[in-house]
Amino acid sequence: MKTQAIRIAIEKTPLRAKDPVALALEAGLGFRLGRLARHLRREWAQELKPLGLSPPQAAVVRGVAAEPGCSLRGLARTLDADPMNVKRYVDELEQRALIRTGNLTTDRRSRALLLTEAGENVAHDIARLVDTQQHWLTGSMSSEEARNLGVGLALLEARLGIGAVERPARSADEVDPH
């Protein structure tokens, strides 16, 4: 019943008001997206507490799990984060023996980021949390509504120039794990 009421309210909310002042604060798309983002950040931080990770640390683990052997700079680009901040998180995770570095055989100056066995276990724990969150977030939506939300978010990201970053593939023999 509540879901139906929400859908009706959304349908009645104009996406573009003729008079910008007439668009109520809570009807503004930017306001609503910001409010959702803040709420999701708080919830995600709570979910990660049992793992002893902050959301940025979890993002680093997920990024390295997704692209083993990536460079610090490449990871920072993927996360759309400042490289110095990413380095700080990598150092913290390295101290906890969740991440280790190896040399790229093609460029000894660049360090390849790799998960340790403990880091891989934590990455699996994070993946389970992500899966649970995804199911919770889309649980009140039809599969078409969930797909449309994903498409809409991708369009907004593209408009803002954020989101998926195209990176050249790296072959396994380019990474020296030692």
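Read-outs throughout are calculated quantities, based only on the coordinates presented, and are distinct from any laboratory measurement. Every value quoted in this text rests on a predicted model; they were computed, and no experiment measured them. Cβ sites come from the backbone with ideal geometry, for glycine too, and all protein chains shown count toward neighbours.
Students often check this: by mean Cβ neighbours within 10 Å, which of 68-74, 56-62, 38-44 ranks highest, and how do the rest follow? It would help to have the intermediate numbers written out before the result.
Working: 68-74: 18.6, 56-62: 21.7, 38-44: 12.0.
Descending mean neighbour count gives 56-62, 68-74, 38-44.
Over the Cα atoms, compute the radius of gyration (one decimal) and Dmax (the largest Cα-Cα distance, rounded to a whole number) for the range 53-125, in Å.
That works out to 11.0, 33 Å for Rg and Dmax.
Could you tell me the relative contact order of the range 53-125? Use alpha-carbon pairs under 8 Å, at least six residues apart, and round to a whole percent. Numbers along the way, then the final one.
Values: 93 pairs, mean separation 26.0, N = 73.
Answer for the range 53-125 is 36 percent.
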